[in-house]
Each structure stands twice: as structure tokens, then as C-alpha cells.
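Colleague: Right, I'll just put the structure down here and ask away after.
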Amino acid sequence: MTLTLVLLTLAPPLTGTQALDLALLDEYRATSTYEAVLDRWGANTMPFRNIVRAERQHAQMVIQRMEQIGHKPTANPFALQEKEAKTDWYRRLEMPATLNEMYKDAYQAEVDNIKLYDGFLTQGYPEATNRLFSKLRADSKDRHLPAFARKAGLPVNPGF
């Protein structure tokens, strides 16, 4: 379970802007982690090569929604920092030692992502925010999770 999900179980209901902040951090983490995978194991490593593009688009969609409601997005704290060694970046992102382990980690991250959006969708946020969360959830469930499940040898539908 990710830190975000742990915090959600302990925290009172989030405001819409707090939920957007967490969604953006989640999309940033996925983007940076998948970029690091491509850097470490090769630019054509599938399915990361395709999914990283989707994660970038997801982050942009969250930023767009934030801007629509006058909420300032943060910068990506998971991105490779200037003068940061790549091995330090991998460690900061808690990347596993092998690509096979990374497939399993990415699978679990998508499961956690779906649960995150499930929680958001019960909170009664504005319709436009809920449409965004529904879209992000659907992409994780219908596209990303199956791709990582095939690589990790795990169930495509773990009870959703």
C-alpha cells in the first residue's frame, strides 16, 4: 500500500483541491518512475514506453483541472534533479533491482491508483473533478493494470 493510501485511511475527508494535489503527486510519481525504468532498462522497455506517455497526459489533465478552479499545481518532486546521480534518483524512487520486480511494483502501483480514485469518487466533488478521476481510474484499470499484469504474471482483474 502506498503512503498516499495510508494517509487517506487516516485522514478526514479531503477537499477537492487536496484530492487534486494527491492525484497530481500520484501521476508525477508514476511518470518519474516509468521514466527511470526507461532510463535504466532501455527506452523501448514495454509497456513502460507507452504508459509513461499516458502518465504525462494524466498529470497535464490534473494540472488543467487545477488551473480551471484557480488552484496552483506543484512541480514534480519525483523528477530527476539537476546534478542528481541517476543511481540516487533510482534509490529515491525506491526502484527494485530487477525489471521483473519492477513489473510487479508497477502492477501494485496501478492497483493502489485505482483504490485512490475509488475513494475520491465517493466524496461528492464537483462533476468536472469526478469526471477526471473516473477517466484516470479507467485508464489505470482498463489499460495500465492489464499491461503490467501480463508482464508480472498476475491477475488482470484483482477483484475490482
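The values are calculated or read from the model by the stated rules, or taken from the named source; none is laboratory data. Note that the structure is predicted; figures quoted are calculated from it, not measured. Methodologically, a virtual Cβ is constructed for each residue, glycine included, from the backbone with ideal geometry; neighbour enumeration extends over all protein chains shown.
Colleague: Across the stretch 90-115, which residue is nearest to the chain's Cα centre (by Cα) among those that are aromatic (Phe, Trp, Tyr) and within 13 Å of Leu38 (Cα to Cα)? It would help to see each step written out before you state the result.
Modeller: Filtering the stretch 90-115 down to residues aromatic (Phe, Trp, Tyr) leaves 90, 103, 107.
The next check asks that each one be within 13 Å of Leu38 (Cα to Cα); those that pass are 90, 103.
Numbers: Tyr90: 16, Tyr103: 14 Å.
Among those that are aromatic (Phe, Trp, Tyr) and within 13 Å of Leu38 (Cα to Cα), it is Tyr103.
Colleague: Of the numbered conditions (1) in a loop (DSSP other than H, G, I, E, B); (2) over 18 Å from Asn130 (Cβ atoms), Tyr28 fails exactly one; give the number of that condition.
Modeller: (1)
Colleague: Can I ask one more? Are any residues in the stretch 116-133 within 18 Å of the chain's Cα centre (by Cα) and closer than 24 Å to Arg53 by Cα, and if so, which ones? Break it down stepwise before answering.
Modeller: Narrowing the stretch 116-133 to residues within 18 Å of the chain's Cα centre (by Cα): 116-121, 129-133.
Once the filter is applied, which keeps residues that are within 18 Å of the chain's Cα centre (by Cα) and closer than 24 Å to Arg53 by Cα, the stretch 116-133 yields Leu116, Tyr117, Asp118, Phe120, Thr129, Asn130, Arg131, Leu132, Phe133.
Conditions tested, residue by residue: (1) more than 14 Å from the chain's Cα centre (by Cα); (2) at pLDDT 95 or above; (3) among the charged types (D, E, K, R).
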| site | (1), (2), (3) |
| --- | --- |
| Arg29 | no, yes, yes |
| Tyr34 | no, yes, no |
| Leu38 | yes, yes, no |
| Trp41 | yes, yes, no |
| Val52 | no, yes, no |
| Gln57 | no, yes, no |
| Ala75 | yes, yes, no |
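Colleague: Considering only the stretch 90-110, how many residues are under 23 Å from Pro146 (Cβ atoms), free of Cβ contacts under 8 Å to residues at least 12 places away in the same chain and assigned to a loop (DSSP other than H, G, I, E, B)?
Modeller: Here the count works out to 2.
Colleague: Just one of the numbered conditions (1) in a helix (DSSP H, G or I); (2) more than 14 Å from the chain's Cα centre (by Cα); (3) of a type in the set (A, V, I, L, M, F, W, C) is not true of Leu80; which one?
Modeller: Failed condition: (1).
Colleague: Within the stretch 134-151, can one find any residue that is surrounded by 17 or more Cβ atoms within 10 Å (Cβ to Cβ), over 17 Å from the mean Cα position of the chain (by Cα) and in a helix (DSSP H, G or I)?
Modeller: yes
Colleague: Follow-up. Kindly establish whether Thr87 is assigned to a helix (DSSP H, G or I) and exposed (fewer than 12 other Cβ atoms within 10 Å of the Cβ).
Modeller: Criteria met by Thr87.
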